[in-house]
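Derivation of every value follows stated rules applied to the coordinates shown; laboratory data play no part. Please read these numbers as outputs of a predicted model, since none were measured by experiment. Cβ atoms come from the backbone with ideal geometry, glycine included; neighbour counts cover every protein chain shown.
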Amino acid sequence: MMTRRARAQAFLRRHPTGLTVTALGVVLLFAPLVLRNPYTLGLLNLVGIFVIVVLGLNLFIGYAGQISLGHAGFFGLGAYSSAVLTATYHFPPWGALVLTACAVAAVALVLGLPTLRLHGHYLAMATLGFNYVVHIIFVQWDAVTGGPSGLSGVPYLTVLGLPINTEVRFHYLVWTFALAALTLCLNLVRTGVGRGLAALAQDEVAAACLGVDVARSKVKIFVLSAFLASVAGSLYVHYFNYVNPDAFSIFKSLDLVIMVVVGGLGSIWGTLFGVAFITSMPHFLDFFEVYADLAHGVILVLILMFLPQGLISGLVDLVKTRWVRRRLAAAGRDAAGGAPSP
């Protein structure tokens, strides 16, 4: 018979992911009690929005090994579509969110079928071009999008008749979505689909030889990442009640990629750190607010040069390597000290 302690240890070994997500959820549950400053809580809410986007992007870049410089386009399509449907045509906000997410996923499917046949910088340029076209539409289509001035009058989301019109209420809503996306991604990468994506990132030919449907896998993960970006865009516009094109330019796409790289390519948990670091940095350091683009570029270059696995993953690997080397050196000294003298 297993003791209670042994059963507890076995349970912890079987469910580490669920327990970790639950622990994070508990921390976030009490966060509004600690972060009483509305500005700080609003910043945490913004992190939650971008976590949803970057989780999907990390699946596409970090696991599938593809390159996308256009995910701000999907983010913007989600935001603008929800804004137009609710502010102009008076759709219910939740219905607009679901309809928009499905429509953006369909756009990603249509876009992905031809473009995902490309590789390397060709794929990067194709996705960048998509983002550029979408941004131009946001700016030029004044009658629908409001042009450079943007679109206002977007209603709040409601839950059980309660409007989500405060920082605390939106905190619980957005992090519910973020934790759901986190759980989805963590479980996905542990399935056969996730292992197929990992093989795909290493070598497409080898993955195909092992039975991975390369084309279908890339399209599926591209559509999923666009779906998550659209949901985040809808939450974004119902949070601020306003949208303008500047938030969805190609520079925002680059910021999203930098978040992935900082957190670690293929690191789901690292995504949380990457988003929090890049999102909060300009708000706490005036230099980074003024020279944000320059700072992001320098950070990206330094990480790619010295910690290509990502900041968190790279530091963890560095600590592990040094610890192993010290253990081996200590074992070598012990062996030399215990050896018989000649």
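As an exercise, use a Förster radius of 30 Å and the Cβ-Cβ distance of Thr158 and Val298 to find the FRET efficiency, rounded to the nearest 0.05. Display every interim value, and only then the final one.
Values: r = 43 Å, r/R0 = 1.43.
Taking R0 as 30 Å, the efficiency between Thr158 and Val298 is 0.10.
Taking the highest mean first, how do the peptides 28-35, 220-227 order by number of other beta carbon atoms within 10 angstrom per residue? Intermediate results must be reported in sequence, preceding the final value.
Working: 28-35: 13.4, 220-227: 24.0.
Going from most to least packed, we get 220-227, 28-35.
Would you calculate, for the chain, the mean residue ellipticity at 222 nm contributed by helices, counting each DSSP H stretch of 4 or more residues as -39,500 (n - 2.57) and dividing by all residues, to the nearest 500?
Theoretical 222 nm ellipticity from helices: -25000 deg cm²/dmol.
For the chain, the longest principal axis of the Cα atoms and the long axis of helix 120-140 meet at an angle of about 30 degrees.
Round to the nearest 10 and give me the degree value, 0 to 90, for the angle of helix 311-338's Cα axis relative to the longest principal axis of the chain. Around 0 degrees separate the two axes. Peptides 316-324, 175-183, 107-115 ranked from most to least packed, by the mean per-residue count of other Cβ atoms within 10 Å: 175-183, 107-115, 316-324. Ordering of 263-270, 143-150, 195-202, 230-237 by packing is 230-237, 263-270, 195-202, 143-150, highest average first (other Cβ atoms within 10 Å, averaged per residue).
Among the listed values (1) 17.8, 48; (2) 22.6, 92; (3) 19.1, 57, the one matching Rg and Dmax of the Cα atoms in Å as calculated from this structure is (2). Axis of helix 93-115 versus longest Cα principal axis of the chain: the two differ by about 70°, to the nearest ten degrees.
Relative to one another, the C-alpha centroids of the range 238-269 and the range 174-201 are positioned 19 Å apart. With each label point set 7 Å from Cα along the Cα-Cβ vector, what nm distance links Ala206 and Leu99? Spacing of the two 7 Å Cα→Cβ label points: 4.8 nm. Prolate is the label for the range 154-254, because a/c, from the alpha-carbon gyration tensor with a ≥ b ≥ c as root eigenvalues, is 1.5 or above and a/b exceeds b/c.
Suppose every K and R has +1 on its Cβ and every D and E has -1 on its Cβ; what is the size of the dipole of the range 43-248 about the Cα centre, in Debye to the nearest 20? Walk me through the intermediate numbers first.
Working: 7 positive and 6 negative charges, 82 e Å.
My answer is approximately 400 debye.
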